[in-house]
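Data block below; observations after.
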Amino acid sequence: MTRRPERFVLFVLLVAGSVAAAYFLVTMELTLRSRQAATVQIRGLTEQVRLLLVQVRAGQEAYIAQGQDAEDWMGRVSDDLEALDAALDDLTKRAPADSTAAVDLDAARTAVDAFIVIDKRVREYVEGENPLPASDLIFEDGIRTADAIDAHVTAARDAMQASRREADSKRRQTMGAILGAWLFGLLTIAFVLLRTADERSPEMDRGETVGGATVEDQAAADDWLHPPPGAPPVALRAEPNPRGVLRDHQGSPEPGSATTSASGTLNETPVQQVLPGVDLEIAAAVCTDLAQVRDAEELAEVAGRAARLIDAFGLIVWRGDGEAAELRPLVIHGYAEDVAAEIPTIPFGADNVTAAAWRAGAARTVRATSTEPGGLAVPLLVASGCVGVLTAEIGHGREQDPATLAVARIVAAQIATLLPTPASASGSESVPPSTETMPETTEEGEDLFQT
């Protein structure tokens with residue numbers, strides 16, 4: 001999901017979802033506010049009905065009060081009863097049908113009708129100057145009926161408010177769910193957009209890191225493992241020894257980018273992980289045993305120990321052939337027999353790490369990647385020049401470890417003393433003739449050592 005159209009679709013979905021969520025939230029908020037205003041109106045109508053009841057009862061009591069104009073009070077009570085009837089109509093319209101509030105309001109209206117009947121009878125007694133039965137109706141039936149009206153109206157108000165609170169609560173829960181879904185979608189799409197923005201192929205930026213190395217380092221490592229057409233390969237890595245970590249590769253580095261001198265590694269960045277130290281006691285034992293090597297089998301055995309010492313998956317001792325100007329594999333450790341049989345010679349001018357180390361007389365390294373081990377190429381130096389190269393494939397980032405490189409150079413220096421120098425190889429008189437011949441190698445059929 002790194003292409004621009006896909007990111008654009010996600011952005012459109014984000015905007016559309018935000019607009020839809022905002023619309024629903026605003027609409028529901030306006031609905032809640034209108035319902036709150038209606039609730040306030042219901043409460044006001046209820047209080048109006050109760051106040052009118054108080055006024056009606058006070059007017060009826062004034063019918064029989066001494067010094068009061070009964071006719072005037074009867075007109076006021078009639079007006080209050082009409083207002084009471086209108087207020088009940090408004091409350092009934094606001095009550096949901098078939099609800100408890102509607103039932104209570106119907107009962108209140110029935111009680112109001114009964115109160116009107118009582119008021120007519122009271123007026124008849126007052127007009128007939130018979131105050132005693134009028135007072136009985138006012139203070140008994142009238143008060144009881146007015147209390148019933150007040151109770152029914154109050155119950156209807158409470159029922160309507162409870163119903164509205166429940167509905168408003170559900171609406172607020174819906175608003176919360178919409179808001180939560182919108183936030184979740186916003187965060188999800190934003191996360192995807194931010195993540196896909198970082199998913200760029202290594203080829204998009206020169207120098208971007210790939211598997212722990214820069215693209216330049218990766219290209220250099222690939223050049224070392226895969227030389228260009230026509231250039232002899234350094235070595236073939238096939239299915240290895242039981243460690244099972246080597247695969248078929250060839251290589252040639254870029255001298256300016258994938259190689260470095262013995263004083264540094266491929267990249268100036270120090271090793272990031274903590275590496276266990278090289279066991280100097282084992283290194284000393286390896287060097288001691290190298291000094292006592294008598295034949296090829298012993299050299300191969302000690303070379304295997306040296307490989308384990310520097311954590312190498314595969315190790316090759318290359319011997320230089322001055323006449324042919326090429327390197328030949330002398331000792332091979334860590335590679336399958338069929339792979340070892342196919343390892344070619346390396347011309348002096350080959351564009352790879354091994355040849356570069358031979359020409360320069362200095363160590364070369366290739367940094368490991370996430371899928372490939374690193375590599376070391378250490379020249380075998382003697383007084384007369386370079387007589388060969390020690391190459392090793394190394395894991396766990398040890399190719400950047402100065403201690404590992406130092407031990408590899410020590411081992412290479414010890415092995416160099418076992419190989420014939422260019423002068424002795426050409427029959428120079430500076431080296432005494434050998435009184436004992438050494439076993440031949442199975443690959444080259446040439447003397448392994450000259451004593």
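The values are calculated or read from the model by the stated rules, or taken from the named source; none is laboratory data. Please read all numbers here as calculations on a predicted model, not as lab measurements. With ideal geometry, Cβ positions are generated from the backbone for all residues, glycine too; neighbour counts draw on all protein chains shown.
Checked against the criteria, THR417 counts as polar (S, T, N, Q), modelled with pLDDT under 90 and closer than 21 Å to ALA283 by Cβ. Among the candidates TYR63, TYR125, the residue that is out of contact with any Ser or Thr (no Cβ under 6 Å at 6 or more places or on another chain), of a type in the set (Phe, Trp, Tyr) and touching a residue at least 24 places away in the same chain (Cβ under 8 Å) is uniquely TYR63. Based on what the data block shows, is PRO344 surrounded by fewer than 22 Cβ atoms within 10 Å (Cβ to Cβ), under 48 Å from the mean Cα position of the chain (by Cα) and touching a residue at least 40 places away in the same chain (Cβ under 8 Å)? Here the answer is yes, as PRO344 does meet what is asked.
Got at least one residue in the range 59-66 being within 30 Å of ASP168 (Cβ to Cβ) and surrounded by fewer than 17 Cβ atoms within 10 Å (Cβ to Cβ)? For the range 59-66, residues within 30 Å of ASP168 (Cβ to Cβ) and surrounded by fewer than 17 Cβ atoms within 10 Å (Cβ to Cβ): absent.
Inspect the range 303-310 for any residue being charged (D, E, K, R) and either touching a strand residue (DSSP E or B) at 6+ places or on another chain (Cβ under 6 Å) or more than 27 Å from ALA403 (Cβ to Cβ) (or both) and give the result as yes or no. Looking through the range 303-310, none of the residues is charged (D, E, K, R) and either touching a strand residue (DSSP E or B) at 6+ places or on another chain (Cβ under 6 Å) or more than 27 Å from ALA403 (Cβ to Cβ) (or both).
In the set VAL387, VAL339, only one residue is outside any helix (DSSP H, G or I) and either outside the structural domain of GLU301 (by TED's automatic domain parsing) or over 40 Å from the mean Cα position of the chain (by Cα) (or both); that residue is VAL387. Could you please let me know if ALA108 is part of a helix (DSSP H, G or I) and within 12 Å of ALA156 (Cα to Cα)? When the stated conditions are applied, ALA108 passes them. Restricting ALA83, ALA101, ALA87, ALA159 to residues that are crowded, with 19+ Cβ neighbours inside 10 Å, touching a Leu at 6+ places or on another chain (Cβ under 6 Å) and in contact (Cβ under 8 Å) with a residue 12 or more places away in the chain narrows the list to ALA87.
Checked against the criterion of being in contact with a His (Cβ under 9 Å, 6 or more places away or on another chain) and either among the hydrophobic types (A, V, I, L, M, F, W, C) or surrounded by 15 or more Cβ atoms within 10 Å (Cβ to Cβ) (or both), the range 111-130 contains one or more residues that satisfy it. Of the numbered criteria (1) under 30 Å from LEU132 (Cα atoms); (2) modelled with pLDDT under 85, the one GLN36 fails is (1).
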